[in-house]
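The values are calculated or read from the model by the stated rules, or taken from the named source; none is laboratory data. Everything numeric here is computed off the predicted structure, so don't read it as measured data. Because the Cβ atoms are built from the backbone with ideal geometry, glycine has one as well, and the counts that use them run over all protein chains shown.
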Amino acid sequence: MPQVDKEERKLYNKQYYQKRKMCEHGRRKDRCKECGGVGICEHDRQKYRCVDCGGKGICEHNKRKERCKECGGNEISKKDDKNIVQEGSF
Ligand SMILES: [Zn+2]
Ligand SMILES: [Zn+2]
Ligand SMILES: [Zn+2]
């Protein structure tokens with residue numbers, strides 16, 4: 001039985017995770033705070049959606065852009081359209 005010392009085993013693990021595009025913490029590297037992932041801010045959130053960081057996904061109304069009525073968020077306007085159609089068919 002070949003002896004594998006700890007260092008070699010570590011290396012093997014690293015290669016294994018790199019193959020799966022994950023860091024050694026079992027997360028995606030760009031989302032792992034411990035690996036300095038760019039996607040995570042100091043508030044443990046996705047930077048893009050962090051209000052405190054003024055992420056690009058947050059509008060001037062401190063809401064998620066895609067859900068902000070004043071910014072013409074898609075989700076809401078779609079729902080409104082549906083309502084209008086339903087009212088008309090009645
Ligand atoms: Zn990590
Ligand atoms: Zn933040
Ligand atoms: Zn807005």
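Just a few scattered comments:
- Among residues of region 62-74 being more than 22 Å from Gly39 (Cα to Cα) and exposed (fewer than 12 other Cβ atoms within 10 Å of the Cβ), the one that is farthest from the chain's Cα centre (by Cα) is Glu70.
- The residue of region 23-34 that is nearest to Asn62 (Cα to Cα), among those that are in contact with a helix residue (DSSP H, G or I) (Cβ under 8 Å, 6 or more places away or on another chain) and surrounded by fewer than 16 Cβ atoms within 10 Å (Cβ to Cβ), is Gly26.
- Test: residue in region 10-19 that is in contact with a Cys (Cβ under 8 Å, 6 or more places away or on another chain) and of a type in the set (Phe, Trp, Tyr): yes
- Residue within region 15-26 that is among the hydroxyl-bearing types (Ser, Thr, Tyr) and not assigned by TED's automatic domain parsing to the domain that holds Gly72 present: yes
A quick yes/no check of all residues on (1) modelled with pLDDT under 85; (2) aliphatic (A, V, I, L, M); (3) within 15 Å of ligand 1 (Cβ to nearest atom):
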| residue | (1), (2), (3) |
| --- | --- |
| Gln3 | yes, no, no |
| Lys6 | yes, no, no |
| Asn13 | yes, no, yes |
| Lys21 | yes, no, yes |
| Gly26 | no, no, yes |
| Cys32 | yes, no, yes |
| Cys50 | no, no, no |
| Asp81 | yes, no, no |
| Ile84 | yes, yes, no |
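- Screening Lys47 with (1) outside the structural domain of Cys71 (by TED's automatic domain parsing); (2) out of contact with any helix residue (DSSP H, G or I) (no Cβ under 6 Å at 6 or more places or on another chain) gives one miss only, at (1).
- Residues of region 40-56 satisfying the condition of being surrounded by 15 or more Cβ atoms within 10 Å (Cβ to Cβ) and outside any helix (DSSP H, G or I): Ile40, Cys41, Arg45, Gln46, Cys50, Cys53, Gly55
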